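The values are calculated or read from the model by the stated rules, or taken from the named source; none is laboratory data. In this text, all values refer to a predicted model and were calculated from it rather than measured experimentally. Quick reminder, even Gly has a Cβ in these numbers, built from the backbone with ideal geometry, and neighbours come from all protein chains shown. Accessible surface is based on the protein model in full, side chains and every heavy atom, while ligands, DNA and RNA are left aside. Shrake-Rupley method; radii C 1.70, N 1.55, O 1.52, S 1.80 Å.
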Amino acid sequence: QVQLVESGGGLVQAGGSLRLSCAASGSTFSTRSIGWYRQAPGKQRELVAAISSGGSTKYVDSVKGRFTISRDNSKNMVYLQTNSLKVEDTAVYYCTVVTYYSGSGSYIRTGSWGQGTQVTVSS
């Protein structure tokens, strides 16, 4: 079982950057794919980035070129570097275990939700 805790959110002006961190506990972390989701007020939670155990990454179109997901298995950490932030990036951001399904070519959440970390981008 992998437990994940998010941190690093905050208030930032449009165009700014934040580095979100996801700290993992559990011996199988390095073998798991991890995804960052976000949920904006009144909207459904969406997967914005995912990273496989081997380091392959996938992004939703709206963050491509601005967000970078990475992992450090030696520290049991996953990061989401968010640059050129926009007001519409305002949301609670969550990390969780995901599984890639080749049939659909997509990641599906298979882990539990944590408390998330709030990112607020002001204009």
Quick check for me: using +1 on Lys/Arg Cβ and -1 on Asp/Glu Cβ, what's the dipole size of the chain about its Cα centre, in debye to the nearest 20? 100
Please enumerate, by chain and number, the lysines with C-alpha under 28 Å from the C-alpha of Lys86, excluding those fewer than 8 residues away in the same chain. Lys43, Lys58, Lys64
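Mean separation of Cα pairs under 8 Å and 6+ residues apart, divided by the residue count of the chain: what relative contact order is that in percent? It would help to have the intermediate numbers written out before the result.
Values: 299 pairs, mean separation 41.5, N = 123.
34 percent.
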Candidates Gly35, Gly65, Gly111, ranked by Gaussian network fluctuation over the chain, Cα under 10 Å, top entry: Gly65
The chain: translational diffusion in µm²/s, Stokes-Einstein, Kirkwood Rh over Cα pairs, 25 °C, 0.890 mPa s: 171
Which of the trypsin sites (Lys or Arg not before Pro) found in region 39-123 are loop residues per DSSP with 12 or fewer other Cβ atoms within 10 Å of their Cβ? Lys43, Lys64, Lys75
What is the sum of charges around Glu88, taking Lys and Arg as +1, Asp and Glu as -1, for the other residues whose C-beta is under 11 Å from the C-beta of Glu88? +2
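What do you reckon, how do Glu6, Glu46, Glu88 stack up by accessible area (1.4 Å probe), largest on top?
Glu88, Glu46, Glu6
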Could you work out the local net charge near Ser17, counting Lys and Arg as +1, Asp and Glu as -1, over the other residues with Cβ closer than 13 Å to its Cβ? +2
With just the Cα atoms defining each centre, how far is region 14-32 from region 63-113? Give it in Å. 8
Which whole-number percent gives the relative contact order of region 53-123, counting Cα pairs below 8 Å spaced six or more residues apart? 26
